[in-house]
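As structure tokens, the structure follows; a few thoughts come after it.
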Amino acid sequence: MRFNHSGLDEVTLPQAHSTTIYRVIQEALTNIARHANTDEAVVEIRVSPGRLWLKIKDEGEGFDPEQALRDYRSSGLRGMQERLHWLSGKLEIKSDPRKGTLILAAIPIPSTSDS
């Protein structure tokens, strides 16, 4: 696994944001380990003014995201969506069978003067 970040050292995130980011990454990496049949994953976090961007990518098996979200057993994906929604964040899942998966999240973050 590779982890890259930019701007993360320059911001103090509220606890709810830190926990959400941790849980989304945890769930994505758990899904990769269980289902992707790959040894590699990349996690990237980038902070820009007012927003945190999260990217998690693998070159594994891939899947149909719409079908997975309809499946009652896919509580992890729905949990990621719900956690981000609580912070007015957005989640996008791009994947195709045998073509890997890309998870993108955007989370508004309060400025230092707002927290």
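Out of (1) farther than 24 Å from Asn4 by Cα; (2) in contact with a helix residue (DSSP H, G or I) (Cβ under 9 Å, 6 or more places away or on another chain), the odd one out for Pro97 is which?
Unmet for Pro97, out of (1) farther than 24 Å from Asn4 by Cα; (2) in contact with a helix residue (DSSP H, G or I) (Cβ under 9 Å, 6 or more places away or on another chain): (2).
The conditions are (1) free of Cβ contacts under 8 Å to residues at least 60 places away in the same chain; (2) within 21 Å of Ser18 (Cβ to Cβ), and Ile103 fails exactly one of them. Which is it?
In the conditions (1) free of Cβ contacts under 8 Å to residues at least 60 places away in the same chain; (2) within 21 Å of Ser18 (Cβ to Cβ), Ile103 misses (1) alone.
Among the candidates Trp86, Trp53, which residue alone is loosely packed, with under 12 Cβ neighbours inside 10 Å and in contact (Cβ under 8 Å) with a residue 40 or more places away in the chain?
Values: Trp53 fails: loosely packed, with under 12 Cβ neighbours inside 10 Å.
After applying the criteria, what remains is Trp86.
Restricting the first residue to segment 1-27 and requiring it to be within 17 Å of Ser111 (Cα to Cα), which pairs with a second residue that is small (Gly, Ala, Ser) meet a Cβ separation below 6 Å and a spacing of at least six or different chains?
Close Cβ pairs satisfying both conditions: Pro14/Ser115.
No value in this document is a laboratory result; all are computed from the given coordinates. The structure presented is a predicted model; accordingly, all values stated were derived computationally and were not measured. A quick note on method: Cβ atoms are made from the backbone with ideal geometry, for glycine too, and the neighbour counts reach across all protein chains shown.
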